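The values are calculated or read from the model by the stated rules, or taken from the named source; none is laboratory data. Predicted model only: the values in this text are computed from it and were never measured. Cβ placement follows ideal geometry from the backbone for every residue including glycine, while neighbour counts extend to all protein chains displayed.
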Amino acid sequence: MQREKITNRILTVVFTVLSLAWIYPMVMILVNSFKQNTAITTGTAFNPVTAETSAGIANYISALTKQGFAAAFGYTLVITLTSVALILVCCSMCAWYVVRVNNKFCKALYYLFVFSMVVPFQMLMFTLSSLADSMGLNTPYNICFIYLGFGAGLAVFMFAGFVKTIPLEIEEAATIDGCSPVQTFFHVVLPIMKPTYISVGILETMWVWNDYLLPYLVLDSTKYKTIPILIQYFRGGYGHVELGPMMACIMMTILPIIIVYLLCQRFIISGVVSGAVKG
Amino acid sequence: MVKSLRKWWPLFLLPTALSFAFGFVIPFVEGLYLSFCRFISISNPKFVGISNYVAALADPQFAHSFWLTALFTIVITVLINVIALAIALCFTRKGLKGSNGFRTVFFMPNLIGGIVLGYIWQILINGVLTIVGQQLLALNTVAGFWGLVILMLWQQVGYMMIIYIAGLQSIPSDYLEAAKVDGATAWQTLWKVKIPNLMPTITICLFLTITNGFKLFDQNLALTGGAPDHSTELLALNIYNTFYARAGAKWMGIGQAKAVIFCILVICISMIQLRATQSKEVQQ
């Protein structure tokens, strides 16, 4: 017993140190985001902010006003919210229909959905972006249809997995009580599927919010930049790199994520686990 | 109910099926066809047979990227899974204080996107390289490769740890108690009880890390961008560069052919995964 206590104490110390190391990269960006542009070099990245190198919140102001971070944040938010909402509503309805009707067409469609989860994006990137261009899906307001199409695989697969566990009797009882299929879905099936909505919602949000290549190729990136595109643009662009505002951008990108994560930690972790086990 | 549901397909099925057709099926089929063509835009492809595939396989850069990706995938698969399992074993011990807090911290990098992660680590690694007097990432192949490995560890250990913890917690406690009663040491319990019961979880984690490694793009682009001279360019980035960074009309078709080869590779890995998980489930 005594030995176990000592091991536990040692482990606590080890993991405390490791946790601090885990957070350090983010702390380093935070520190550097308050430095002047000229004070951020590869040699001084680990130095603390001093009175001479401090820029106050100037980097943040510059990022928001000059560098277009506010617009990028807005676009990313709009794209993520509309896409995830569309995926949740449409894919859950589709999954229910596919599982319940289960004719040849539905079966074929289901296997296509599963197949699409495996295919890497590089396979479609050129043809998809050309198609999106010619169909006018290249704005932040229409790109959600592409996300619905490309995200449908995982979503339908997870919803269908859950629908299969719902006893048919519940839905039949609703029908006998006079519900139309639409009413049955929204009043009976949807409430039962709530945990799956949360899991799918979290997984798709993590994907769309952080996605870089799809919006970069599909959107007209001189006009519309999402956050990942903006940050890539900072380094990819020619000429002088504004390191200070870039650090501020990174900080403003990860802070909301961390806050949401700390608030909804339990849902996020269980959503990710169920997604992994089924995927 | 099913009968009356059937006629509701325009509402239930059509939106998803239509988006899926335009977002996946049509581009996929078109991509397959274009891999046999010479083209600069999708409006005027010219059929050229399998010459794109021949050129793709003959491209030394593609071969280099393939072996680099294979090596990278093996390294991260082993490291991530060993470390994640070790941490998960510690966190499921009785009486370890603060393990929930540690778990929160280790999982956090997962939520940050690949591009942002890449730049965070580029700044950090370049800082370290300056201190130890080595060349920066833009000129340093070895540091680029191991930097990418460290980045992936930082991002994915937490994720796999969470899955391993869920797996460990689902082992019935009587198994562990029986082992204890029989006088098994901690080491014996790990190898004879925990790991055999964890096999389905291990299979899932192995294949998640393998496919993540194979498909890696954002982190690669942001951390090294393939520098110096394409030597740290993984497969996905190589395909991207073949499409968009090389001059000449023939490269588009070759890029599409590479993408098809890449796609087949990933599908093969997934098929093996499906086999492995199914055979494990039968045993249980």
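Within this structure, B:SER4 passes the test of being on the phi < 0 side of the Ramachandran plot and in contact with a Pro (Cβ under 9 Å, 6 or more places away or on another chain).
A:THR184 falls short on exactly one of the conditions (1) β-branched (Val, Ile, Thr); (2) more than 11 Å from chain B (Cβ to nearest Cβ); (3) more than 19 Å from A:ILE87 (Cβ to Cβ); (4) surrounded by 19 or more Cβ atoms within 10 Å (Cβ to Cβ), and that condition is (2). Here region B:235-255 is the region considered, the condition is being within 11 Å of another protein chain (Cβ to nearest Cβ) and among the hydrophobic types (A, V, I, L, M, F, W, C), and the residue that is nearest to B:LEU139 (Cα to Cα) is B:LEU237. Quick check: anything in region A:75-88 among the hydrophobic types (A, V, I, L, M, F, W, C), within 12 Å of chain B (Cβ to nearest Cβ) and surrounded by fewer than 15 Cβ atoms within 10 Å (Cβ to Cβ)? No - not one qualifying residue is present in region A:75-88. Only residues that are within 14 Å of another protein chain (Cβ to nearest Cβ) and modelled with pLDDT under 85 were counted across region A:11-61, and they come to 11. One residue alone among B:SER19, B:SER4 is surrounded by 15 or more Cβ atoms within 10 Å (Cβ to Cβ), assigned to a helix (DSSP H, G or I) and of a type in the set (Ser, Thr, Tyr), and that residue is B:SER19.
The set of residues from region B:143-153 being within 16 Å of A:SER19 (Cβ to Cβ) and crowded, with 23+ Cβ neighbours inside 10 Å is empty.
Pairs, please: C-beta under 7 Å, at least 6 apart or cross-chain, first residue free of Cβ contacts under 8 Å to residues at least 12 places away in the same chain and on the phi < 0 side of the Ramachandran plot and in region B:245-258, second assigned to a helix (DSSP H, G or I) and surrounded by 23 or more Cβ atoms within 10 Å (Cβ to Cβ)? Final answer for the pair search is B:TRP251/B:THR242.
Take the conditions (1) among the polar types (S, T, N, Q); (2) under 30 Å from B:PRO228 (Cβ atoms); (3) surrounded by fewer than 17 Cβ atoms within 10 Å (Cβ to Cβ); B:SER43 misses just one of them, which is (2). Among the residues of region A:221-248, what is the count of those that are at pLDDT 80 or above and farther than 22 Å from B:ASN241 by Cβ? Final tally of qualifying residues: 9. For region A:153-181, a tally of residues being of a type outside the set (A, V, I, L, M) and either more than 11 Å from every other protein chain (Cβ to nearest Cβ) or not in a helix (DSSP H, G or I) (or both) returns 10. When region A:89-133 is filtered for residues that are surrounded by fewer than 18 Cβ atoms within 10 Å (Cβ to Cβ) and small (Gly, Ala, Ser), only A:ALA108 remains.
Within the option set B:LEU89, B:LEU11, being more than 30 Å from B:ASP229 (Cβ to Cβ), at the interface with another protein chain (Cβ under 9 Å from one of its Cβ atoms) and part of a helix (DSSP H, G or I) holds for one residue only, B:LEU11. Of everything in region B:175-233, what is among the small types (Gly, Ala, Ser) and without any contact (Cβ under 8 Å) to a residue 24 or more places away in the chain? Give them in sequence order. Selection gives B:ALA178, B:ALA179, B:GLY183, B:ALA184, B:ALA186, B:GLY225, B:GLY226.
Condition (residue is of a type in the set (Phe, Trp, Tyr), more than 9 Å from chain A (Cβ to nearest Cβ) and touching a residue at least 40 places away in the same chain (Cβ under 8 Å)) applied to region B:47-58: is it met by at least one residue?
Filtering region B:47-58 for residues of a type in the set (Phe, Trp, Tyr) gives B:47, B:53.
This time we only want the ones that are more than 9 Å from chain A (Cβ to nearest Cβ), so: B:47, B:53.
Filter once more, keeping what is touching a residue at least 40 places away in the same chain (Cβ under 8 Å): B:53.
Within region B:47-58 (the criterion being of a type in the set (Phe, Trp, Tyr), more than 9 Å from chain A (Cβ to nearest Cβ) and touching a residue at least 40 places away in the same chain (Cβ under 8 Å)), the answer is yes, since at least one residue qualifies.
Highlighted here are the helices (runs of 4 or more DSSP H) found entirely within region A:199-265 that include at least 2 residues which are farther than 15 Å from A:GLN67 by Cβ: A:213-218, A:243-263.
Scan region A:179-237 for residues that are over 19 Å from the mean Cα position of the chain (by Cα) and closer than 30 Å to B:THR224 by Cβ and jot them down. A:ASP220, A:SER221, A:THR222, A:LYS223, A:TYR233, A:PHE234, A:ARG235, A:GLY236, A:GLY237, listed by residue number. Of the numbered criteria (1) at pLDDT below 90; (2) within 7 Å of chain A (Cβ to nearest Cβ), the one B:THR16 fails is (1).
Residue pairs whose Cβ atoms lie under 8 Å apart, separated by 6 or more positions or on different chains, with the first residue in region A:190-215 and facing chain B (nearest Cβ under 10 Å) and touching a residue at least 24 places away in the same chain (Cβ under 8 Å) and the second assigned to a loop (DSSP other than H, G, I, E, B) and surrounded by 19 or more Cβ atoms within 10 Å (Cβ to Cβ), are A:TRP209/B:GLY113; A:LEU213/B:PHE217.
Do you know which residues across region B:198-248 are closer than 30 Å to B:ILE171 by Cα and aliphatic (A, V, I, L, M)? Even if it seems obvious, please write down each step before you answer.
Applying the first criterion (closer than 30 Å to B:ILE171 by Cα) to region B:198-248 yields B:198-213.
B:LEU198, B:MET199, B:ILE202, B:ILE204, B:LEU206, B:LEU208, B:ILE210 - these are the residues of region B:198-248 that are closer than 30 Å to B:ILE171 by Cα and aliphatic (A, V, I, L, M).
Mind checking whether some residue in region B:93-112 is within 19 Å of A:PRO25 (Cβ to Cβ), more than 7 Å from chain A (Cβ to nearest Cβ) and of a type in the set (Val, Ile, Thr)? Talk me through it step by step, then tell me what you get.
Step one: filter region B:93-112 for residues within 19 Å of A:PRO25 (Cβ to Cβ), giving B:101-112.
If we keep only those that are more than 7 Å from chain A (Cβ to nearest Cβ) too, we end up with B:101, B:103, B:109-110.
This time we only want the ones that are of a type in the set (Val, Ile, Thr), so: none.
No.
Does A:LEU148 fit the bill of being over 16 Å from the mean Cα position of the chain (by Cα), within 7 Å of chain B (Cβ to nearest Cβ), in contact (Cβ under 8 Å) with a residue 60 or more places away in the chain and crowded, with 17+ Cβ neighbours inside 10 Å?
no
Scan region B:213-234 for residues that are of a type in the set (S, T, N, Q) and within 11 Å of chain A (Cβ to nearest Cβ) and the total you get is 1.
Which of the residues spanning region A:135-145 are within 8 Å of chain B (Cβ to nearest Cβ) and modelled with pLDDT of 90 or more? Listed by number, the list holds a single entry, A:PHE145.
How many residues, within region B:75-102, are in contact (Cβ under 8 Å) with a residue 40 or more places away in the chain and either of a type outside the set (Gly, Ala, Ser) or closer than 10 Å to A:LEU11 by Cβ (or both)? Walk me through how you get there before you give the answer.
First pass over region B:75-102, keeping only residues in contact (Cβ under 8 Å) with a residue 40 or more places away in the chain: B:75-77, B:79-81, B:83-85, B:87-89, B:91-92.
Subset that is either of a type outside the set (Gly, Ala, Ser) or closer than 10 Å to A:LEU11 by Cβ (or both): B:75-77, B:79-81, B:83, B:85, B:87, B:89, B:91-92.
Final tally of qualifying residues: 12.
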